[in-house]
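The values are calculated or read from the model by the stated rules, or taken from the named source; none is laboratory data. As the structure is a computational prediction, the values presented were derived from the model and not from experiment. We place every Cβ from the backbone using ideal geometry, glycine too, and count neighbours over all the protein chains shown.
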Amino acid sequence: MDIKIALPKGRLLGKTASLLQIAGWGMDGYREQARLYHLKSSTYPNLSAKMFHERDIPIQVAIGNYDLGICGRDWIEELLVKYPSSAVVKVNDLGYGMGSLYMVAGQADMAMSALRRKAEQSAVRITSEYANLAESFALKERLGRFSIFPVWGGAEAYPPEDADLALISGHTDVELVDMGMVLVARVLDFSA
C-alpha cells in the first residue's frame, strides 16, 4: 500500500525536514531551496510526498489526494469552520510553528461595542487570508452587517482606510503594536 504525504513549503519546512530526518523517513530532497516538489523516500519504497503551500494541505488531505499532511492548526481550522464534516483528523501537535490569529483594527476606537454600533448603520469591512475564520468571528460576535474581503497576504495593510478589521497571523501582541495595530481579539493559537 502506497502512503502519500503532503509536506509544507515556507515557514514550517525547516523544522518539518528536521523532524522527518530524525524519524528516518528518508525524505532527503525535502529541504530549504529544494527544486523538487515530488519526493520519494529512500528508506520506505511505498512512501512518497509532495510539497504544498501550507494553506492547501488540509484541502488535499480532506479530498483524499494525500493520506497525511503536516501544517499549522490555523489552516485546519480555516477548512473545518466552513466544512465541519470534512475528512480531516487532527492527529498530534508537533510543538513548533507557534503563532496566533488576531483580529486587529487600525484605530483605537474599534472595541467590540463600537463595531456592533457601526454594524447597525453600515457593514463592518473585514479583510483576511482566513476568510472562513473571519466570517465565523463576525457571526460569533454578532456583528449585524459585515463584509469579508479575502486577500492573499498583507491584510494588516488595509485598516483603517480600506477595512475596519483584519484577521492576521502573528507571533506576539508586541508585533501588533509595532505594526500600529490595535488588538480587538485573539482568535486562535496554533502550531504545526
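A quick yes/no check of all residues on (1) outside any loop (DSSP other than H, G, I, E, B); (2) modelled with pLDDT of 95 or more; (3) hydroxyl-bearing (Ser, Thr, Tyr); (4) within 18 Å of the chain's Cα centre (by Cα):
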{"site": "ARG116", "(1), (2), (3), (4)": "yes, no, no, no"}
{"site": "ALA134", "(1), (2), (3), (4)": "yes, yes, no, yes"}
{"site": "PHE137", "(1), (2), (3), (4)": "yes, yes, no, yes"}
{"site": "GLY144", "(1), (2), (3), (4)": "no, no, no, no"}
Qualifying positions in the stretch 1-40 - out of contact with any helix residue (DSSP H, G or I) (no Cβ under 7 Å at 6 or more places or on another chain) and acidic (Asp, Glu): ASP2, ASP28
Note on the stretch 37-65: residues surrounded by 21 or more Cβ atoms within 10 Å (Cβ to Cβ) and farther than 19 Å from GLY14 by Cβ are PRO58, VAL61
Spot the failing condition for ALA17; the list is (1) in contact with a Phe, Trp or Tyr (Cβ under 6 Å, 6 or more places away or on another chain); (2) part of a loop (DSSP other than H, G, I, E, B), and only one is missed. (2)
Does ARG73 satisfy being of a type outside the set (Val, Ile, Thr), modelled with pLDDT of 90 or more and crowded, with 18+ Cβ neighbours inside 10 Å? yes
